[in-house]
Amino acid sequence: MIGALVVAALYFTREILVPIAVAVLLSFVLSPLVRAFQRMKVPRSIAVLSAVSLALAIALSLAAMVTIEVNQLASDLPRYQSTLGEKSTICGTGLAALACSRTTPAY
């Protein structure tokens with residue numbers, strides 16, 4: 001009974017808890033970078049802003065690369081479709097001709 005209440009509470013508060021969990025995760029991931037900036041005598045506020053900016057730049061760069069690849073795949077799909085159609089036709093006729101040319105059953 002208590003387990004069901006805990007699951008229900010987590011389910012209904014997920015819109016609040018997920019951003020908090022992401023923030024905690026990011027703080028653990030970015031804290032070594034912030035400490036490295038602080039060792040270089042950068043003030044903590046600027047170190048945090050720099051670390052978050054760097055993480056955001058990396059995330060946006062990765063998103064841009066994925067977007068470019070997906071767009072390229074979408075533009076190449078008709079060519080892939082025609083190539084696969086040709087190959088399936090060739091394989092289909094080749095297998096049909098091979099099957100029809102046998103005079104003795106293969107065991």
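The values are calculated or read from the model by the stated rules, or taken from the named source; none is laboratory data. A quick note: this is a predicted structure, and the numbers were derived from the prediction, not measured. Using ideal geometry, Cβ is built from the backbone for each residue, glycine included, and neighbour counts are taken over all protein chains shown. These area figures cover heavy atoms from the full protein model, side chains too; ligands, DNA and RNA do not enter into them. Shrake-Rupley method; radii C 1.70, N 1.55, O 1.52, S 1.80 Å.
Of note:
- Only one entry in Ala51, Ala59 is touching a helix residue (DSSP H, G or I) at 6+ places or on another chain (Cβ under 9 Å), among the small types (Gly, Ala, Ser) and modelled with pLDDT of 95 or more, namely Ala51.
- Test: Ser45 is free of Cβ contacts under 8 Å to residues at least 24 places away in the same chain, of a type outside the set (A, V, I, L, M), assigned to a helix (DSSP H, G or I) and loosely packed, with under 10 Cβ neighbours inside 10 Å: yes
- Any chance Ser50 is exposed (fewer than 11 other Cβ atoms within 10 Å of the Cβ) and hydroxyl-bearing (Ser, Thr, Tyr): no
- Test for Ala64: is it at pLDDT 80 or above and closer than 30 Å to Val29 by Cα: yes
- Filtered by the rule that a residue be open to solvent by 60 Å² or more (accessible area, probe 1.4 Å) and of a type in the set (Val, Ile, Thr), the stretch 1-42 gives Ile2, Val6, Val7, Ile16, Val18, Ile20, Val22, Val24, Val29.
- Matching residues, the stretch 12-35, being part of a helix (DSSP H, G or I) and more than 21 Å from Leu54 (Cα to Cα): Phe12, Arg14, Glu15, Ile16, Leu17, Val18
- Test: Gly85 is loosely packed, with under 10 Cβ neighbours inside 10 Å and not in a loop (DSSP other than H, G, I, E, B): no
- In the stretch 88-107, residue modelled with the lowest pLDDT [restricted to those that are among the polar types (S, T, N, Q) and either in contact with a Ser or Thr (Cβ under 6 Å, 6 or more places away or on another chain) or surrounded by 10 or more Cβ atoms within 10 Å (Cβ to Cβ) (or both)]: Thr93
- Selection count, the stretch 1-40, where residues are of a type in the set (Lys, Arg) and modelled with pLDDT under 95: 1
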